[in-house]
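In what follows, a structure is listed as structure tokens, so that the remarks can point back to it.
The values are calculated or read from the model by the stated rules, or taken from the named source; none is laboratory data. Since the structure is predicted, the reported quantities are computational estimates derived from the model, not experimental observations. Please note: Cβ atoms are built from the backbone with ideal geometry, for glycine as well, and neighbour counts cover all protein chains shown.
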Amino acid sequence: MRSFTLFLLLCLVSGLAAQNTNDKLEAYFSFSQCKGTDESGNGSSGALIDNASCTCGVRDSAIYLDGDGDAVFFVGPLSDVFTTSDFTVSFYFKPDPYNPSAGGSQVIFSKQESCANKRAFWVRYNPKTRKISSGLSQNDTLFVNVTADLNPEACWQYITLVRNNTAYSIYVDGFLQETKTTVARIDLSSTAVFKAGEPVCTLDRSFKGAFDELRIYSKALKPDEIDLISLRPDKILNGDTVIYLGNSLPITTSSTCAVDYFWTPGTGVVDVMDANPTITPVATTTYKVEFYYSDGCVSSDTILVKVIDPDTLDCNKIFIPNAFTPGGSPGRNDWFAISNPYSVDEFISFEVFDRWGGRVFNAVTPLDRWDGSFQGEALNAGVFLYRLRYRCDGTEKVKAGSLTLLR
């Protein structure tokens with residue numbers, strides 16, 4: 001019992017920490033209305049240079065750089081992050097289609113006074129290889145460089161760079177791609193301006209494309225925190241799911257700058273060119289949607305829909321989860337319910353009780369779900385009890401147990 005209680009407390013502490021996405025957030029630029037405003041409230045700012053302009057972004061607008069002098073210069077307290085402390089830099093970027101005549105790596109971000117390996121931070125993108133790289137350098141002998149392939153199924157790339165003590169890591173779409181370590185902490189302290197788009201070295205090129213949602217933290221984000229701040233552009237927001245034969249599933253996709261959509265296979269899809277169609281599959285199917293951009297870029301995502309025929313279900317095998325996380329990760333594990341409600345032959349009752357025996361949820365049908373609230377108020381995390389009463393082949397049965405509400 002002690003082990004279970006300790007495990008539960010650790011889960012709760014971890015969950016609460018993961019949800020605090022503003023902890024040690026030193027600068028946040030959403031570029032809403034094409035403004036370089038630091039929405040963290042810490043006083044940094046971004047100045048648009050040359051003809052840097054607005055374009056459709058991950059959530060609203062993004063900054064577009066034309067690869068010919070456009071840049072953004074960031075000034076203010078965010079520069080204090082680039083010393084010897086841990087930090088995280090996360091952002092989205094969408095490069096223009098590859099042009100063989102352009103050549104060279106493009107600089108997305110940099111903070112370095114010269115091309116020499118002296119107190120430098122940089123992020124480069126190679127259009128030919130579709131790779132992104134980032135480096136930290138104190139001098140010619142103390143430096144680190146990490147590289148990753150971009151997600152071939154995405155137009156907007158979600159990049160996170162994490163310095164944790166002597167380790168430097170790069171994530172693409174929330175997945176760790178490479179980590180390297182140095183023998184000592186690298187000191188990045190300098191008076192150089194943190195910039196977007198402007199090359200420092202002769203062989204580098206200006207970045208051509210869009211970037212958005214720049215966040216800078218004075219701490220090393222953990223993987224669950226990296227996932228939590230993801231905005232998931234061009235994604236199916238429904239998770240893989242199970243439905244019963246004859247039922248329909250309304251699909252919701254995230255915000256996108258795409259101009260056209262296409263679903264495959266088309267079987268059971270009301271409109272294959274609708275971003276949010278209703279799907280009525282007749283068998284278990286993996287559906288794929290493609291998001292077409294005006295510049296020719298194509299993103300895609302998939303969803304697996306398992307179809308179960310209720311007539312084949314066994315009422316002796318009822319499944320009920322033992323934990324859920326309402327509000328912790330929207331769209332995933334938000335509800336407590338009978339996992340296979342169509343297995344219930346004759347429903348009598350399905351109830352949830354707090355530790356004092358007070359009833360906090362009472363289902364009317366086996367399809368009803370509990371959202372973790374009582375009388376309109378969200379309940380605190382903790383352990384609850386459930387009881388399901390039903391008839392199976394004419395015999396009344398009771399299934400009871402405990403469940404953990406995590407927030």
Exercise. Of the residues that make up segment 98-116, is at least one in contact (Cβ under 8 Å) with a residue 40 or more places away in the chain and of a type in the set (Phe, Trp, Tyr)?
Worked result: yes
Problem set entry | Some residue of segment 304-312 being exposed (fewer than 15 other Cβ atoms within 10 Å of the Cβ) and either touching a Cys at 6+ places or on another chain (Cβ under 9 Å) or modelled with pLDDT of 95 or more (or both) | yes
Problem set entry | Any pair with Cβ under 9 angstrom, 6 or more apart, that starts in segment 356-377 at a residue that is assigned by TED's automatic domain parsing to the domain that holds ALA323 and ends at one that is loosely packed, with under 12 Cβ neighbours inside 10 Å and in a loop (DSSP other than H, G, I, E, B) | VAL360/GLN375; PHE374/GLY358
Problem set entry | Matching entry among GLU198, GLU178, GLU213, GLU153 (being surrounded by fewer than 18 Cβ atoms within 10 Å (Cβ to Cβ) and either under 25 Å from PRO77 (Cβ atoms) or without any contact (Cβ under 8 Å) to a residue 60 or more places away in the chain (or both)) | GLU178
Exercise. Based on what the data block shows, is LYS235 charged (D, E, K, R), in contact (Cβ under 8 Å) with a residue 40 or more places away in the chain and touching a strand residue (DSSP E or B) at 6+ places or on another chain (Cβ under 8 Å)?
Worked result: yes
Exercise. Mind checking which pairs have a first residue in segment 315-336 that is under 17 Å from ARG387 (Cβ atoms) and a second that is among the basic types (Lys, Arg) and modelled with pLDDT of 90 or more, Cβ under 8 Å, 6 or more apart or different chains?
Worked result: ILE318/LYS399; ILE320/LYS399; PHE336/ARG369
For this session: Could you tell me whether GLY104 is over 24 Å from THR55 (Cα atoms) and not aromatic (Phe, Trp, Tyr)?
Result: yes
Exercise. Can you name the residue in segment 229-242 that is surrounded by fewer than 17 Cβ atoms within 10 Å (Cβ to Cβ), aliphatic (A, V, I, L, M) and at pLDDT 90 or above and is also nearest to SER90 (Cα to Cα) among such residues?
Worked result: LEU231
Problem set entry | Condition check for SER169: among the hydroxyl-bearing types (Ser, Thr, Tyr), over 28 Å from ILE49 (Cβ atoms) and assigned to a strand (DSSP E or B) | yes
Seminar exercise, completed: Within segment 60-73, the count of residues that are within 27 Å of the chain's Cα centre (by Cα) and surrounded by fewer than 16 Cβ atoms within 10 Å (Cβ to Cβ) comes to 1
Exercise. Residue check, CYS54 against (1) hydrophobic (A, V, I, L, M, F, W, C); (2) touching a Cys at 6+ places or on another chain (Cβ under 7 Å); (3) crowded, with 20+ Cβ neighbours inside 10 Å, all met but one. Which one?
Worked result: (3)
For this session: Pick out the one residue from THR129, THR147 that is under 30 Å from ASP301 (Cβ atoms), part of a loop (DSSP other than H, G, I, E, B), in the same structural domain as VAL107 (by TED's automatic domain parsing) and not charged (D, E, K, R).
Result: THR129
Exercise. Among the numbered criteria (1) surrounded by 19 or more Cβ atoms within 10 Å (Cβ to Cβ); (2) in the same structural domain as VAL298 (by TED's automatic domain parsing); (3) among the hydrophobic types (A, V, I, L, M, F, W, C), which single criterion is violated by LEU245?
Worked result: (1)
Exercise. Name the pairs: first residue in segment 156-173 and closer than 27 Å to THR256 by Cβ, second residue part of a strand (DSSP E or B) and among the basic types (Lys, Arg), Cβ to Cβ under 6 Å, at least 6 apart or on different chains?
Worked result: TRP156/LYS94
For this session: Read through the list (1) in contact with a strand residue (DSSP E or B) (Cβ under 9 Å, 6 or more places away or on another chain); (2) not in a strand (DSSP E or B), then give the number of the only condition that ARG332 fails.
Result: (1)
Seminar exercise, completed: Of the listed residues (ASP301, ASP309), the one being more than 27 Å from SER255 (Cα to Cα), in contact (Cβ under 8 Å) with a residue 40 or more places away in the chain and not hydrophobic (A, V, I, L, M, F, W, C) is ASP309
